[in-house]
1. Do you know which of the residues in the stretch 197-218 that are crowded, with 16+ Cβ neighbours inside 10 Å and of a type in the set (Gly, Ala, Ser) is farthest from LEU286 (Cα to Cα)?
2. Looking at (1) under 30 Å from GLN285 (Cα atoms); (2) touching a helix residue (DSSP H, G or I) at 6+ places or on another chain (Cβ under 9 Å), which is the one condition that is false for VAL149?
3. All but one of (1) touching a Ser or Thr at 6+ places or on another chain (Cβ under 7 Å); (2) in contact (Cβ under 8 Å) with a residue 60 or more places away in the chain; (3) assigned to a helix (DSSP H, G or I); (4) not β-branched (Val, Ile, Thr) hold for GLY116, so report the exception by its number.
4. Please work out which residue is farthest from ASP243 (Cα to Cα), limiting yourself to the stretch 145-187 and to residues that are of a type in the set (D, E, K, R) and part of a strand (DSSP E or B).
5. For the condition surrounded by 11 or more Cβ atoms within 10 Å (Cβ to Cβ) and assigned to a strand (DSSP E or B), what is the one hit in ARG142, ARG190?
6. So, of the residues in the stretch 145-181 that are among the charged types (D, E, K, R) and farther than 21 Å from ILE261 by Cβ, which turns out to be surrounded by the fewest Cβ atoms within 10 Å (Cβ to Cβ)?
7. Conditions first: (1) under 24 Å from the mean Cα position of the chain (by Cα); (2) loosely packed, with under 15 Cβ neighbours inside 10 Å. GLU184 passes all but one, so which condition is the exception?
8. Going residue by residue through the stretch 219-236, is there one that turns out to be more than 29 Å from the chain's Cα centre (by Cα), surrounded by 14 or more Cβ atoms within 10 Å (Cβ to Cβ) and over 25 Å from TYR290 (Cβ atoms)?
Amino acid sequence: MVNLRPFFSQSSMRLGDREIITHGLQKQFWSDLYHRCMTVTWPVFFLLIGLAFLVLNAFFAGLYQLGQHPIANQLPPDFRGAFFFSVETIATVGYGDMHPQTLYGHLVATVEIFWGMMSIALITGVMFARFSRPHARIVFSRHPVVRQVDGQTVLMMRAANARQNVIVDANARLRLLRQETSREGFRIRRIYDLQLVRDEHPMFVLSWTVMHVIDESSPLHGMTPETLATYQSSLILSLDGTDETTTQTMRSRHNFDHSLIRWQHAYADLLYTDENGQQHVDYAQLDEIYPLAESEQATG
């Protein structure tokens, strides 16, 4: 017998810029339907609702057709008329032209109205949940950089608030994730907290450069691009705060693979002043970096 379980249990997920294939999880469509409705895109969501609407009405139209003229004034007098009557019934519209005229027709209509009320309530709830769910429009620079600042080696990452409103009391947390092997040969992925120069921002409006000093107490002390690759290291930056407009808690997270870290590089300035003294913020420069000259590397 052919084992089809690996075929049906395979799926994929993204961790930062890397795609990971997962196996062995039992997938059932109805087991996590709410999560699926919340995570699919809006076009797919509306397409699924439309398909469910057509299938449900076609099912009840078929039930009406099984009876002996259960619908009065059915027009057209075939499946199409039963389908249109089902649409009016499930939506509780009731134009008054077509209506049930037999006990069988009333029973089917009763069941359909019950399902219609339940469906409308569920779809309305999911629609509201999707629409009202807070989305943090925080964008992250593609590359972390390591450079000298005030004579210290500093890891820097830059984030920007694309919504350009105020995120009150924003908090940042930076963690190092790397693969290690114990003395017994046991492989384990360990997480280390990286202390930030400032982990709070009272008003996150435009941009925020998060910095971690790589000193003797840092888990990154003595690390090189080669050792980071050996440990399969990655950085996880998490930001959260309160949206001043909606008073909702906003959260955003980004994963940086070790290969994205640029050593002895610096970020291009986002802020500049024109000839009229007007200040500008150019978000197109968010990912722009440049290598430091040897003098800048030594003196910061």
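The values are calculated or read from the model by the stated rules, or taken from the named source; none is laboratory data. Just so we're clear, the structure is a prediction, and the values are computed from it rather than from any experiment. Glycine also receives a Cβ, built like all others from the backbone with ideal geometry; neighbour counts cover every protein chain displayed.
1. By that ranking, first place goes to SER218.
2. The single condition VAL149 does not satisfy is (2).
3. Tallying (1) touching a Ser or Thr at 6+ places or on another chain (Cβ under 7 Å); (2) in contact (Cβ under 8 Å) with a residue 60 or more places away in the chain; (3) assigned to a helix (DSSP H, G or I); (4) not β-branched (Val, Ile, Thr), GLY116 fails exactly one: (2).
4. As a first pass, look at the stretch 145-187 and keep what is of a type in the set (D, E, K, R): 147, 150, 158, 163, 169, 173, 175, 178, 180, 183-184, 187.
Still in the list and also part of a strand (DSSP E or B): 147, 158, 169, 173, 175, 178, 180, 187.
Working: ARG147: 32, ARG158: 19, ASP169: 9, ARG173: 18, ARG175: 24, ARG178: 33, GLU180: 38, ARG187: 41 Å.
Out of the qualifying residues, it is ARG187.
5. ARG190
6. Start the filter on the stretch 145-181 by keeping residues that are among the charged types (D, E, K, R), which leaves 147, 150, 158, 163, 169, 173, 175, 178, 180.
If we keep only those that are farther than 21 Å from ILE261 by Cβ too, we end up with 163, 169.
Values: ARG163: 15, ASP169: 13.
If we take residues in the stretch 145-181 being among the charged types (D, E, K, R) and farther than 21 Å from ILE261 by Cβ, then ASP169 is surrounded by the fewest Cβ atoms within 10 Å (Cβ to Cβ).
7. (1)
8. yes
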